[in-house]
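> The structure under discussion is supplied below as structure tokens; questions concerning it will follow.
The values are calculated or read from the model by the stated rules, or taken from the named source; none is laboratory data. None of these values were measured; they are calculated from a predicted model. With ideal geometry, Cβ positions are generated from the backbone for all residues, glycine too; neighbour counts draw on all protein chains shown.
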Amino acid sequence: MFLAEIIGVGDELLYGETVDTNTAEIAVSLQPYSVDVHRTLRVADHLETLTQEVRQAWNTARLVVLSGGLGPTPDDITREAIAAAMGEDLQTDLAVLDWLEKLFEARGWKMPEVNRKQALKIPSARWIANPRGTAPGWWIHQDDKDLVCLPGPPGEWRPMWAEVLPRLNLPAQPYKQVALKTFGLGESRIVELLGDLFKRNGQAEVGTYAKMDGVVVVVRGEPGLVDQLSQRIRPLLGEALWGQDSDTLPVLTLQILEAQRATLATMESVTGGVLGALITGVAGASRSYLGGLVPYHLSTKSWLGLSEDLVTQHGLVSAAFAEAMAATARAALNSTYALSTTGVAGPEELEGQPVGTLYIGLAGPNNTSSRHYRLPGASREMLRQRAAHAALAFFVSELRGGM
């Protein structure tokens, strides 16, 4: 098993101005190979520190991958750090400099002098063409080791990495990954449900991670074991399981509607339009989604026919009010189904109910139902997003169950 280290470069990564997803994505891309990602780290735009980390990684690992710090500004020091770590001098590649000048000329600009540094390279490195930017990457292969240096923007480094990765001649290993997507179960509850299956099982392992659309149970490793574990895990997750791998809740919702030749309307309070935005983010949504109502103020809810007596009796944040909202939306837009959301996004309680309280209403041709959640969330926006995904998860589970 070869060791790999992945380094994200840039002050913005340390201070949270940019969330570092590059190192994780690169690590995931190495899973089909017999490579152990020994370490991932984020390093500031500090020449001595980055030089030290590159030198240590090169001495330890079979593969070193860096992303970031290949721009033209003075704080882009990845080239200088690698050169210092490898004990080589930077030299200007006139062919690459000419390419850069013509690239700017094609855009109608004169190339700024600062961009000249992007044509610098050490002798042991070869260029990795960047089809989407001005920062070509480096690939160094010596002593049966590889160092790959990529720019930071994902839109630039992904096609470059896709070209280089198969050429690194890393030893492959039989590998498969299955992602089982759930909603309504916390990670700790899933660990309880899975019991011993959650531990590493020979050449396969099970893990969880939380996303906006629920908790994903990931099974990865030797293909045969992954298939066996996945089949054992699915029934344990029950109705919380809504999809797998690349499935998304908006797409599944629309697929169910199209299969039934049905339509959907929404009425949102706590989500304030986020639910409708998720649905309309899918191309072709208009074939099944008729539209949505966002009556945020009580007076607007009353104007739509939601009686104040209902509010007095049950409250705005209740199963009864969520069901009434869904029924009202279905009648108003003449849809087959309607979804509604009402709850507490914070920062204060409402009607004695804590922040994160959510009620979802679902009205259909045969009956009206509701579901209650207590959602975690550090902000109003996070709660609104989770509530919208919860509504779609409820819809998918109910319609699959034959509502």
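> Filter the range 74-97 down to the residues that are over 17 Å from residue 14 (Cβ atoms) and either among the hydroxyl-bearing types (Ser, Thr, Tyr) or assigned to a helix (DSSP H, G or I) (or both) and list them by number.
If the condition is that a residue be over 17 Å from residue 14 (Cβ atoms) and either among the hydroxyl-bearing types (Ser, Thr, Tyr) or assigned to a helix (DSSP H, G or I) (or both), then 79, 80, 82, 83, 84, 85, 86, 92, 94, 95, 96, 97 are the ones that fit.
> For the range 14-40, enumerate the residues that are under 17 Å from the mean Cα position of the chain (by Cα) and not in a loop (DSSP other than H, G, I, E, B).
From the range 14-40, those under 17 Å from the mean Cα position of the chain (by Cα) are 16, 18-29; that's our starting set.
Matches in the range 14-40: 22, 23, 24, 25, 26, 27, 28, 29.
> Here are 110, 121: which of them is among the basic types (Lys, Arg), loosely packed, with under 15 Cβ neighbours inside 10 Å and in the same structural domain as residue 65 (by TED's automatic domain parsing)?
Testing whether each residue is among the basic types (Lys, Arg), loosely packed, with under 15 Cβ neighbours inside 10 Å and in the same structural domain as residue 65 (by TED's automatic domain parsing) leaves just 110.
> Can you list residue pairs whose Cβ atoms sit under 6 Å apart, with the first residue in the range 315-329 being more than 18 Å from residue 365 (Cβ to Cβ) and the second being at pLDDT 95 or above and assigned to a helix (DSSP H, G or I)? Count only pairs 6 or more apart in sequence or on different chains.
320/314; 321/314
> Quick one: what pairs do we get from the range 158-177, first residue among the polar types (S, T, N, Q), second in a loop (DSSP other than H, G, I, E, B), C-beta under 6 Å, 6+ apart or different chains?
So the pair list comes out as 173/34.
> On to the next question. Give 358, 339 a once-over and let me know the one that is at pLDDT 95 or above, under 14 Å from residue 265 (Cβ atoms) and of a type outside the set (Phe, Trp, Tyr).
339
> For the range 155-197, which positions are buried (at least 18 other Cβ atoms within 10 Å of the Cβ) and among the aromatic types (Phe, Trp, Tyr)?
157, 161, 183
> Against the definition (touching a helix residue (DSSP H, G or I) at 6+ places or on another chain (Cβ under 8 Å), among the hydroxyl-bearing types (Ser, Thr, Tyr), free of Cβ contacts under 8 Å to residues at least 60 places away in the same chain and surrounded by fewer than 18 Cβ atoms within 10 Å (Cβ to Cβ)), how does residue 369 come out, yes or no? Spell out the reasoning first.
On the way: touching a helix residue (DSSP H, G or I) at 6+ places or on another chain (Cβ under 8 Å): yes; among the hydroxyl-bearing types (Ser, Thr, Tyr): yes; free of Cβ contacts under 8 Å to residues at least 60 places away in the same chain: yes; surrounded by fewer than 18 Cβ atoms within 10 Å (Cβ to Cβ): yes.
Judged against the criteria, residue 369 is a match.
> While we're on this one: Against the condition exposed (fewer than 15 other Cβ atoms within 10 Å of the Cβ) and either on the phi > 0 side of the Ramachandran plot or in contact with a Lys or Arg (Cβ under 6 Å, 6 or more places away or on another chain) (or both), how does residue 68 come out, does it pass? Full working, then the answer.
On the way: exposed (fewer than 15 other Cβ atoms within 10 Å of the Cβ): no; either on the phi > 0 side of the Ramachandran plot or in contact with a Lys or Arg (Cβ under 6 Å, 6 or more places away or on another chain) (or both): yes.
Criteria not met by residue 68.
> Looking at the range 253-276, which of its residues are in contact (Cβ under 8 Å) with a residue 40 or more places away in the chain and of a type in the set (A, V, I, L, M)?
Those that are in contact (Cβ under 8 Å) with a residue 40 or more places away in the chain and of a type in the set (A, V, I, L, M): 256, 257, 262, 264, 265, 267, 270, 274, 275.
> Separate question: Take the residues in the range 342-354 that are modelled with pLDDT under 95 and either among the aliphatic types (A, V, I, L, M) or touching a Leu at 6+ places or on another chain (Cβ under 7 Å) (or both), then tell me which one is nearest to residue 387 (Cα to Cα).
Only one residue tops the list, namely 345.
Condition check ((1) modelled with pLDDT of 95 or more; (2) of a type in the set (Ser, Thr, Tyr); (3) buried (at least 20 other Cβ atoms within 10 Å of the Cβ)) across all residues:
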position	(1), (2), (3)
209	no, yes, no
213	no, no, yes
217	yes, no, yes
231	yes, no, no
248	yes, yes, no
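> Please find, within the range 1-46, the residue that is farthest from residue 226 (Cα to Cα) out of those that are surrounded by 15 or more Cβ atoms within 10 Å (Cβ to Cβ), of a type in the set (D, E, K, R) and free of Cβ contacts under 8 Å to residues at least 40 places away in the same chain.
The selected residue is 45.
> Scan the range 133-154 for residues that are surrounded by fewer than 23 Cβ atoms within 10 Å (Cβ to Cβ) and aliphatic (A, V, I, L, M) and report the count.
1
> So, one more: All but one of (1) under 23 Å from the mean Cα position of the chain (by Cα); (2) at pLDDT below 95; (3) assigned to a helix (DSSP H, G or I) hold for residue 311; state the number of the condition that does not hold.
Failing condition for residue 311: (1).
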